[in-house]
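Asks: One structure, as structure tokens, below. Some questions next.
Here, each number is a calculation from the coordinates, and none is a lab measurement. Since this is a predicted model, take the numbers as computed values, not measurements. All Cβ positions, even for glycine, are placed from backbone atoms using ideal geometry, and neighbour counts span all protein chains on display.
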Amino acid sequence: MMNIQKSHWLSLCALILGTVVAALQLGWEHTHGGILRHHLLNDASLPAISNLWALLVMPMLGALAGWSVTRRARERQGLLIPAMAGFLGSLLGGIALSVAFVAGGEAAATQVMMALLVAAVLLPVYRAEYLFGFVVGMTFVFGPVLPALVACVPMLIAAISRLVIWRAVAWALRRARAVAAA
């Protein structure tokens, strides 16, 4: 019997979730007309990406999210609930964007995407659990590769705003207070 350390249960669960999602998606597609391919920017003149990549991408994203949360949880107690909230929020965002796109509501899809970009300024969506949730939420409509590529934009916005701009503003405020106190 395999002995799994307590600290690795989350990584294993996320890896299994990624694998199950990939298997369900590909199984559905296989039984409903064949495994799909998606063209970049929905343009037939651009290369197509097969959803078979889900077999690699989804378990990899799950393992990355589980490892990342586990690593951060070792440093800080009580991290699991915010990490799960980030995963679930991104999952809902991915589902909302998928539903808006499938329903033909280009305006609604644009509004959802704009809301996700605003959330990227406020929340740490550069973290792996956010990426994993977003991709899981969009996998059944777009496969895993295109959502992972699309997620790079909000992730970059979040990283710049939270790791650079917010820290610079906090430093400037501390500096101003120190000058005012002197």
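Asks: So is residue 68 of a type in the set (Ser, Thr, Tyr) and either without any contact (Cβ under 8 Å) to a residue 60 or more places away in the chain or in contact with a strand residue (DSSP E or B) (Cβ under 7 Å, 6 or more places away or on another chain) (or both) or not?
Replies: No: the conditions fail for residue 68.
Asks: Tell me whether the range 99-110 contains one or more residues that are in contact with a Lys or Arg (Cβ under 7 Å, 6 or more places away or on another chain), farther than 21 Å from residue 24 by Cβ and among the small types (Gly, Ala, Ser). Explain how you work it out, then say what you get.
Replies: Quick first cut of the range 99-110, residues in contact with a Lys or Arg (Cβ under 7 Å, 6 or more places away or on another chain) only: none.
The answer is no, given that none of the residues of the range 99-110 is in contact with a Lys or Arg (Cβ under 7 Å, 6 or more places away or on another chain), farther than 21 Å from residue 24 by Cβ and among the small types (Gly, Ala, Ser).
Asks: For the range 10-57, give me each residue that is in a strand (DSSP E or B) and in contact with a helix residue (DSSP H, G or I) (Cβ under 9 Å, 6 or more places away or on another chain). Give the steps one after another, and end with the answer.
Replies: The initial filter retains those residues of the range 10-57 that are in a strand (DSSP E or B), namely 37-39, 48-50.
Within the range 10-57, 37, 38, 48, 49, 50 qualify.
Asks: How many residues does the range 151-174 hold that are surrounded by 11 or more Cβ atoms within 10 Å (Cβ to Cβ) and of a type in the set (Gly, Ala, Ser)?
Replies: Going through the range 151-174 one residue at a time, the tally reaches 4.
Asks: Is it true that residue 28 is hydrophobic (A, V, I, L, M, F, W, C), surrounded by fewer than 17 Cβ atoms within 10 Å (Cβ to Cβ), in contact (Cβ under 8 Å) with a residue 60 or more places away in the chain and over 21 Å from residue 153 (Cβ atoms)?
Replies: On the way: hydrophobic (A, V, I, L, M, F, W, C): yes; surrounded by fewer than 17 Cβ atoms within 10 Å (Cβ to Cβ): yes; in contact (Cβ under 8 Å) with a residue 60 or more places away in the chain: yes; over 21 Å from residue 153 (Cβ atoms): yes.
Yes; evaluated as a whole, the condition is true for this residue.
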